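One structure below.
Values in this text are rule-based calculations from the coordinates and carry no lab data. Every value quoted in this text rests on a predicted model; they were computed, and no experiment measured them.
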Amino acid sequence: MAAEVGHACSRMGLTRRAANDLVLKILDKYEEQIADAPLGSEFQECYDVRTALPSREYLDLYARVRNELTALGLEFPY
């Protein structure tokens with residue numbers, strides 16, 4: 001996800017100011033949860049360890065976050 005966001009920002013020619021505005025929008029959404037943020041999931045909870053394919057739950061999370069970023073103005077090339 002981080003690489004895709006970086007590529008999208010680069011392709012859009014996002015300025016530092018525009019990138020900061022995007023980060024502030026994201027921060028506004030999550031700032032109240034930072035102190036109690038979950039640690040996240042381990043690899044084997046997100047992927048099948050034999051095939052390295054992502055689980056349905058992880059794919060759904062990925063799609064939801066990508067859609068949220070798109071709604072904030074980030075333009076993914078694909």
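Got a sec to turn the phi values of the range 16-24 into Karplus ³J(HN,Hα) couplings, 6.51 cos²θ - 1.76 cosθ + 1.60 with θ = phi - 60°, whole Hz, x for Gly and Pro?
Per-residue couplings from phi come out as 4, 5, 5, 5, 5, 4, 5, 4, 5 Hz.
Using amide H atoms built 1.01 Å from N in the peptide plane, name the residues 5+ places from TYR47, or on other chains, whose amide H lies under 5 Å from its own.
Placed amide hydrogens put SER55 under 5 Å from TYR47.
Pairing the Cα long axis of helix 56-71 with the longest principal axis of the chain, what angle in degrees results, from 0 to 90 and rounded to the nearest 10?
0
To the nearest 10 degrees, how steep is helix 2-12 against the longest Cα principal axis of the chain, on a 0 to 90 scale?
Orientation of helix 2-12: about 30 degrees from the principal axis.
So what is the calculated 222 nm ellipticity per residue for the chain, using -39500 (n - 2.57) for each DSSP H run with n of 4 or more, over all residues, to the nearest 500 deg cm²/dmol?
So the calculated ellipticity at 222 nm is -18000 deg cm²/dmol.
What is the spread of the Cα atoms of the chain along each of their three principal axes, largest first, in whole Å?
42, 33, 17
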